[in-house]
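Undergrad: The structure that follows is given in the form of structure tokens.
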Amino acid sequence: MRLYTKEGFLPMDAEHFKREFLPFHRKLYHVAYRMLENQADAEDLVQEAYLKLWSKRDGLSVISNPEAFSITLVKNMCLDVLRSGKNMINRQMLDLSSITEKTHTDNWDAQDDLSQIKNIIASLPEQQQKIVVLRDIKECSYEEIERLTGLNAINIRVLLSRGRKKVREQFNRLNNYENRGS
């Protein structure tokens with residue numbers, strides 16, 4: 001129900017806001033969780049979305065479909081998070097730690113190598129780090145990476161090549177140094 005007068009729409013009060021937007025909380029959470037693949041991040045993002053909606057409540061009374069508007073807002077906020085790389089390092093650490101856990105505990109060399117690679121990837125420039133993690137660890141397609149980062153295929157291939165080269169060079173340098181000391 002839209003409230004308006006001759007002068008225009010009335011500002012939305014708390015009760016009206018709750019009736020219009022809170023029923024979509026579960027759906028918004030599921031959208032965020034599917035995109036971010038992390039429960040805490042999805043919960044935080046939905047909270048941020050509600051804060052954003054509340055701060056713009058005076059203009060929300062003109063929205064004809066609050067559900068679609070809310071879902072679009074959450075999707076766009078998720079894409080912003082994925083593009084920004086804010087969670088990339090945390091996700092990378094989780095992914096690499098799960099790889100480490102799958103490694104046999106008696107295979108210390110493999111665990112050391114994984115630890116070195118994890119540290120090297122974490123030291124890459126942000127864009128290279130994102131691309132290497134998305135392509136080589138998460139095994140995303142180039143099309144998915146384009147969608148997540150907003151970069152074109154040529155830029156992705158260049159960043160991936162540079163990132164892989166740096167990882168390979170630094171890894172070899174570390175291992176050659178260690179082998180000389182033995």
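Undergrad: What is the one condition in (1) open to solvent by 60 Å² or more (accessible area, probe 1.4 Å); (2) modelled with pLDDT of 85 or more; (3) part of a loop (DSSP other than H, G, I, E, B) that residue 146 does not satisfy?
TA: The number of the failed condition is (3).
Undergrad: Hey, residue 90 hits all of (1) in a helix (DSSP H, G or I); (2) modelled with pLDDT of 85 or more; (3) open to solvent by 80 Å² or more (accessible area, probe 1.4 Å) but one; which does it fall short on?
TA: (2)
Undergrad: Further question: Are any of the residues in the range 68-78 open to solvent by less than 80 Å² (accessible area, probe 1.4 Å) and at pLDDT below 85?
TA: no
Undergrad: Say we look at the range 36-57 and pick out the residues that are in contact with a His (Cβ under 9 Å, 6 or more places away or on another chain) and at pLDDT 90 or above; which of these is least open to solvent (accessible area, probe 1.4 Å)?
TA: 46
The values are calculated or read from the model by the stated rules, or taken from the named source; none is laboratory data. Please read these numbers as outputs of a predicted model, since none were measured by experiment. Reconstructed Cβ throughout: ideal geometry from the backbone, glycine too, with neighbour counts over all protein chains shown. Remember, those area values only see protein heavy atoms, side chains included, never the ligands or the DNA or RNA. Shrake-Rupley method; radii C 1.70, N 1.55, O 1.52, S 1.80 Å.
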